[in-house]
Amino acid sequence: MSEELEEKSGADYGASSIQVLEGLEAVRKRPAMYIGDISTKGLHHLVYEVVDNSIDEALAGYADHIDVIINEDNSITVIDNGRGIPVDMHEKEHKSALEVVLTVLHAGGKFDKGSYKVSGGLHGVGVSCVNALSTYLRAEVRRNGKIYMQEYSCGKPTSELTVIGEADSTGTTVHFKPDGSIFIDTVYNYDTLANRLRDLAYLNAGITLTLTDKRELDSDGNARTETFYSKTGLEEFVRYIDVSKEPLIEHVIHLDTERQGIPVEVALTYNTSFNENVYSFVNNINTIEGGTHLTGFRRGLTATLKKYAEDNKMLDKLAKQKIEIDPADFRQGLTAVVSVKVMEPQFEGQTKTKLGNNEVIGAVQTAVSEALRDYLEEHPKEAKTIVDKIILAATARHAAYKARTEILRKSPLAGAGLPGKLADCSSRTAEDCELFIVEGDSAGGSAKQARDRRFQAILPIRGKILNVEKAMEHKVFENQEIQALFRAMRVTIGTEEDKNEVNISKIAYHKIIIMTDADVDGSHIDTLLMTFFFRRMRPVIEQGYLYIASSPLYKVSRGKNEIYCWDDRQLREALEELGQGARVQRYKGLGEMDPKELKETTMDPEHRILKQVNISDAAEADRIFSMLMGEDVAPRKEFIEANAHYANIDA
Ligand code: 0RA
């Protein structure tokens, strides 16, 4: 133990605790190894870690209520009504069980051998990590008719375990303040936590979770609060995801069973769209990269539907056209959630979110096959509707294949020219290059004059681009503006029949900047373009290449003084600053700015404000995209604020 450590330790603890302190000191030295990273992601992970312990207590049948509070100072309180963390003395460690749970890595489940801990954060590190990474942690346990309390700092106890009162219920309260010297950012995002708690409520039917944000009170002095509860679990999850989609069948097919000792829960339905939306979870962790449970699901779905269609002679039409049915055809318009609980999950893949356990394939496949077979037999009308859609998908896939071949053939990478209206930049170093996508030829003209041609390229697009949410795939790739986007960016697309993977390895710009008027039409175009990128060029968003430019709404001038304003608050301030006689110019569109103004405010990296688009929650973004791309344009603004998480990067 280092001297520094000794000094910091508040109490004189025995030899065994030194080991423990070193354990947690390792967490503080290399936090990313334990919680993934030290960005906002890791910060939020601390909450998930504590909540997961309460979820385990609930899954064991002892708790049904979990409250999460974001306090004014961005500290977090998690309260559950479980049994309470045990407080009796732990023989070997010479300290209370509570202290062991809070100071020994991976100690969480050790006391409860019989139970099986399936929940637990992605890294399964335990509450002790949260303790190590918090400047302050206070644990309160209601148990044996008493309230016990102990406080910690950076993982070390600063008080003895003390009885502070009497309790007429049981449960655990953990209050912690993340260490600002470890995390890059210590501000919690309400929506991020809300999305996770909502998922947990759907994934664990019957548990009530609440989220309360005490940082901003409404005019009545009330904190923002939301309750998440699901009675039917994944069935409601699927209905939630599809809330603004048109259902193809009225039912959600729902199964909740156990195969080979593996709890399997699946819900699925079809909507009239052409997109597949399948989300999978293992032990409540979103397995973004899929894995064996997803393989089992797909195999069960495909085999059962295919057999039903064949047995009922429904595929003859396709055979006549010599179109072979493909597994992807069974998934157009499919929305599903697959959730399994695995005792010893093996996670693989880049982000360790791909399930590797082979025994899970068969378990999910059998469960899905049986439930789906029964459904089809009992609902012949719906069965025919689904099979008809699969046949349509196969036919459309054939047409889309031809359209994608066109995209590839017309690519500059294949020797074809660049789109005529692209004003390219001279640099060929993609890292430095920027592509501005601008609406209309007149704005395009201003942008061309305002740009730095060495690294800024301009692509004007005409009017509102195709709504890819509603169009069939081949229509998307046949669209002239969309073809121009692919060609300008030097992005291509696979032409294998069953794949539509975009290839951005030769992309010519590492900043793709959507620049539209700061009005309703402009933000509609922003949304259409973001939908396009989300649906058809998602890697561009995932790589962090997509941005939205923000142009000012006003210019306030008086004499030689000029102040640009991006919102009404700035306008008020500018009017105050420049005083009587100040003149306000309101920009109705980019076209009203002269090239110098456009450059100064919106395009020049030294002065502009760019908002980076990144999808932190694909499920939520997807739901919102469908909602926005429906008839209702109003929630667009909400989307922009809540779902594409923006960061000011220049400015
Ligand atoms: C260890 C053993 C038992 C419960 C818990 C831990 C426990 C941990 C947390 C963390 C947050 N809430 C929690 N609730 C319970 C079993 C206790 C027993 O056998 O009575």
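We did not get these values from a lab; they are worked out from the coordinates using the rules stated. Just so it is clear, the model here is predicted, and its values are computed rather than measured. Cβ: placed from backbone, ideal geometry, glycine included. Neighbour counts: every protein chain shown.
For every helix of n ≥ 4 consecutive DSSP H residues, a contribution of -39,500 (n - 2.57) applies; sum these over the chain, divide by its total residues, and give [θ] at 222 nm rounded to the nearest 500 deg cm²/dmol. Numbers along the way, then the final one.
Values: 21 runs with 237 residues, N = 651.
Mean residue ellipticity, 222 nm, calculated: -11000 deg cm²/dmol.
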Amide H to amide H under 5 Å from residue 558: which residues, 5+ apart in sequence or cross-chain, H placed 1.01 Å off N in plane? 583
Selection from 280, 230, 182 lying farthest towards where the dipole of the range 175-303 points positive, charges on Cβ: 280
I need 378, 235 ordered by Cβ neighbour count within 10 Å, fewest first. 378, 235
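Ranked highest first by the average count of other Cβ atoms within 10 Å around their residues, in what order do 217-223, 174-180 fall?
Values: 217-223: 8.9, 174-180: 20.4.
Ranked from most to least packed, the peptides come out as 174-180, 217-223.
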Whole Å is fine, so just give me how far the alpha carbon centre of the range 254-288 lies from that of the range 145-187. 36 Å
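Please sort 449-462, 157-170 by packing, taking for each peptide the average over its residues of neighbouring beta carbons within 10 angstrom, highest first. Could the numbers behind the result be given before it?
On the way: 449-462: 19.8, 157-170: 13.4.
In descending order of packing, they fall as 449-462, 157-170.
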Multiply the residue gap between residue 324 and residue 374 by 0.36 nm, knock off their C-alpha separation, and tell me the result in nm, one decimal place. 15.4 nm
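Take each complete run of DSSP H in the chain, measure how far its Cα atoms stretch along the helix's own axis, and keep only those covering 20 Å or more with mean Kyte-Doolittle hydropathy at least -1.0; list them. Walk me through the intermediate numbers first.
Numbers: long enough: 15-29 (21 Å, 0.21); 40-59 (28 Å, -0.04); 292-311 (28 Å, -0.71); 359-378 (30 Å, 0.07); 380-409 (44 Å, -0.18); 520-536 (24 Å, 0.28).
In the chain, the long hydrophobic H runs are 15-29, 40-59, 292-311, 359-378, 380-409, 520-536.
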Taking a crude spin-label model, label points 7 Å out from Cα along the C-beta direction, the residue 567 to residue 431 distance in nm is 3.5 nm
When 586, 536 are ordered from fewest to most other Cβ atoms inside 10 Å of their Cβ, what list results? 586, 536
Peptide ranges 280-290, 602-612 listed from the most packed, as the mean C-beta count within 10 angstrom indicates: 280-290, 602-612
What FRET efficiency, computed as 1/(1 + (r/R0)^6) with R0 = 25 Å and r the Cβ-Cβ distance, is obtained for residue 414 and residue 501, rounded to the nearest 0.05? 0.90
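Pull out the extension gain between residue 442 and residue 65, defined as 0.36 nm times the separation in residues minus the alpha carbon to alpha carbon distance; nm, one decimal. Write down the numbers at each step before the final one.
Values: separation 377, 0.36 × 377 = 135.72 nm, distance 5.79 nm.
Difference between extended and current length: 129.9 nm.
Would you please classify the overall shape of the chain from the alpha carbon gyration tensor, given that a ≥ b ≥ c denote the square roots of the eigenvalues, rounded means a/c under 1.5, and beyond that prolate means a/b larger than b/c while oblate covers the rest? Working shown, then result.
Values: a/c = 2.12, a/b = 1.22, b/c = 1.74.
Cα axes put the chain in the oblate bin.
Go ahead and run the numbers for FRET between residue 588 and residue 524, Cβ-Cβ distance against an R0 of 22 Å, rounding to 0.05.
Numbers: r = 15 Å, r/R0 = 0.69.
My answer for the efficiency is 0.90.
DSSP loop (so not H, G, I, E, B), at most 14 other Cβ within 10 Å: list which GluC sites (Glu not before Pro) in the range 467-545 pass both filters.
Working: sites: 469, 473, 478, 481, 496, 497, 501, 542; in loops: 469, 496, 497, 501.
Sites meeting the loop and neighbour criteria: 496, 501.
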Give the long-range amide H neighbours of residue 158: residues separated by 5 or more places, or on another chain, with amide H under 5 Å away, using H modelled in the peptide plane at 1.01 Å from N. 151, 152, 153
With the contact rule set at Cα under 8 Å and sequence spacing of 6 or more, what percent relative contact order holds for the range 393-466? 30 percent
Phi-derived 3J(HN,Hα) across the range 266-283 with the Karplus relation (6.51, -1.76, 1.60, θ = phi - 60°), rounded Hz, x for Gly and Pro, is 9, 10, 8, 8, 10, 10, 7, 6, 10, 9, 9, 10, 10, 10, 10, 9, 10, 6
When the charge dipole of the range 331-374 is computed with +1 at the Cβ of Lys and Arg and -1 at the Cβ of Asp and Glu, the Cα pointing farthest to the positive end, of 365, 349, 338, is that of 349
Looking at the range 436-563 only, what percent of DSSP beta bridges run antiparallel? Nearest 5 please. 35 percent
Using the Karplus curve 6.51 cos²θ - 1.76 cosθ + 1.60 with θ = phi - 60°, what ³J(HN,Hα) values do you get for each residue of the range 216-227, in whole Hz, with x for Gly and Pro? 10, 9, 6, 5, 8, x, 8, 6, 5, 8, 9, 10
Let me know the shape class of the range 395-468, please: from the alpha-carbon gyration tensor, a ≥ b ≥ c as square roots of the eigenvalues, rounded when a/c is under 1.5, otherwise prolate if a/b is greater than b/c, or oblate. oblate
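Using a/c under 1.5 as the rounded threshold, could you call the range 445-509 rounded, prolate or oblate? The axes a ≥ b ≥ c are square roots of the C-alpha gyration tensor eigenvalues, and prolate needs a/b larger than b/c, oblate otherwise.
Values: a/c = 3.88, a/b = 1.54, b/c = 2.52.
Because a/c hits 1.5 or more and a/b fails to exceed b/c, the range 445-509 counts as oblate.
What is the calculated FRET efficiency for residue 239 to residue 106, with r their C-beta to C-beta distance and R₀ = 41 Å, to the nearest 0.05?
After rounding, the FRET efficiency stands at 0.65.
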Can you put 297, 274 in order of Cβ neighbours within 10 angstrom, beginning with the fewest? 274, 297
